[in-house]
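Working notes, beginning with the structure itself.
The values are calculated or read from the model by the stated rules, or taken from the named source; none is laboratory data. If you're wondering where the values come from, they're calculated on a predicted model, not measured in any experiment. Quick reminder, even Gly has a Cβ in these numbers, built from the backbone with ideal geometry, and neighbours come from all protein chains shown. Remember, those area values only see protein heavy atoms, side chains included, never the ligands or the DNA or RNA. Shrake-Rupley method; radii C 1.70, N 1.55, O 1.52, S 1.80 Å.
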Amino acid sequence: MEPKQKKLVFENGTVLTGTGFGADVQRVCEVVFNTAMVGYQEVFSDCSYNQQFVCMAYPLIGNYGLADDDYETRTPRIGGFIVREYNDSLSNFRASKTLAEEMEENGIPGIAGIDTRRVTRMIRNEGSMRALLCNADTTTQQALEIIKQTPVQRGQVAAVSCKKRWYARAAGVRFNVIAVDCGIKLGIIRSLVARNCNVTVVPHTTTAEEIRALAPDGLLFSNGPGNPQDVPEVVELARQMQGTVPMFGICLGHQVIALANGCQTYKLKFGHRGGNHPVKNLHTGKVEITSQNHSYAVEENSVQGTGLTITHKNLLDGTIEGLENRSKHVFSVQFHPEANPGPQDSTYLFDTFIANMEAFRKGGF
């Protein structure tokens, strides 16, 4: 069967045509771009991309299929894929299905044959914007009206967080960690389990009293989609728990910890997404190549007087990439130290979390 012609209409009036793959559905989403050369499965299954069209800057997508062990969530939430060339000829012996098959099964559309360099430059120059992925016979005026009438999605963390707690068990358990699920990547949980931590994953609405009743050795605030200011309940949880247990924040969790300490956050022009972002560790002076996926950042001027210190800076735009309060065993990073499929420069941060829990167990605060 011949691929169906599709149209991508941006809210600035730009219209691009291509062929559809995945689910045959019409959808309005924010468009973002990712500069990673590999890892489309991890992007596809990362809940932080909830209801976003991801334009992959690398041109060839789909050629190694999907492997059962490489998912970052059980239910993909991405809005859709925008790619230059889609290829279903699988070259990976681990592949169990094609990307298009999984997208169709989960109601996720895609469009191929698009000049992704043009899209990337447009988003970089003009900032993030929304677009409609629709059938080719939809007029531009109709598409722009649909975009206008579609409300901006709120409550994104609630859409992806688990509804009941669940567990990941380790052999030779050393610590019990509670992970607050704002859209957590399974790679984070695997990284903790590999370091002999039992992980209890809890909904983002879990209260401080419920956390204390579980008597954790450490508390992790996960990545997730949307504006950190839209989850005041998670910010309040971090504020109440800080100083009572070692805490580690990743991505959205980093912003949550910042807000809990009185910092401010803001939306970036086009965000950071990809596996090749240079970050300087201010403690060591070393540059780490990091995996990132976020639209928001911490306002640097707001950090002064909060008790937090800056530990990492982005070398592309100078934004804050890490914070800590050593006296309270609290630290956070804007990037992804689990970094599936890579790079692995920042996995030591999980060891830092382990060391904090060890120190707390021996001496407390």
Can you classify region 242-300 as rounded, prolate or oblate using the Cα gyration tensor, where a ≥ b ≥ c are the square roots of its eigenvalues, rounded means a/c under 1.5, and otherwise it's prolate if a/b beats b/c and oblate if not?
oblate
Per the 1.4 Å probe, what fraction of the accessible area of the chain, in percent, lies on carbon and sulfur atoms?
48 percent
List the relative contact order of the chain as a percent without decimals, with contacts defined as Cα pairs under 8 Å and 6+ residues apart.
15 percent
In the calculated pair distance distribution of region 315-356, what percentage of Cα-Cα distances lie above 17 Å?
39 percent
Any chance you could look up the accessible area of Y296 with a 1.4 Å probe, heavy atoms only, rounded to 10 Å²?
40 Å²
Greater than 32 Å apart at Cα, pairs in K7/K163; K163/K362; K164/K269; K6/K164; K6/K313; K6/K267:
K7/K163; K163/K362; K164/K269; K6/K164; K6/K313
Consider all pairwise Cα distances in region 266-354 and report the whole-number % of them above 19 Å.
36 percent
Highest average packing first - 85-92, 244-251, 228-235, Cβ atoms within 10 Å
244-251, 228-235, 85-92
Sort 28-39, 300-311, 316-327 for me by packing, meaning the mean count of neighbouring Cβ atoms within 10 Å per residue, highest on top.
28-39, 316-327, 300-311
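Over the Cα atoms of region 1-63, Rg to Rh with Kirkwood Rh, two decimal places? Don't jump to the answer; show the numbers that get you there.
Values: Rg = 12.6 Å, Rh = 13.3 Å.
When Rh is taken as the Kirkwood radius, the ratio is 0.95.
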At 1.4 Å probe size, put T140, T73 in order of accessible surface, largest to smallest.
T140, T73
Can you tell me the accessible area per residue over the chain, all protein chains present, probe 1.4 angstrom, in square angstrom?
41 Å²
Along each of the three principal axes of the Cα atoms of region 20-171, give the extent in whole Å, ordering the values from largest to smallest.
57, 37, 29
Positive-end residue, the chain charge dipole about Cα centroid, Cβ charges, pick of T35, I147, G107
T35
Tell me the relative contact order for region 1-109 as a rounded percent, counting alpha carbon contacts under 8 Å between residues six or more apart.
29 percent
Taking r as the C-beta separation of L214 and R326 and R0 as 35 Å, the FRET efficiency to the nearest 0.05 is 0.90
Can you bin every Cα-Cα distance in region 84-156 into 10 Å intervals starting at zero and give me the percent of pairs per bin, rounded to whole numbers?
13, 32, 39, 14, 2
Note to self: Kirkwood Rh of region 191-274, Cα pairs, one decimal, Å, is 13.7 Å
Picking from V193, L315, A215, whose Cα lies most toward the positive end of the charge dipole for region 182-316 (charges on Cβ: Lys, Arg +1; Asp, Glu -1)?
L315
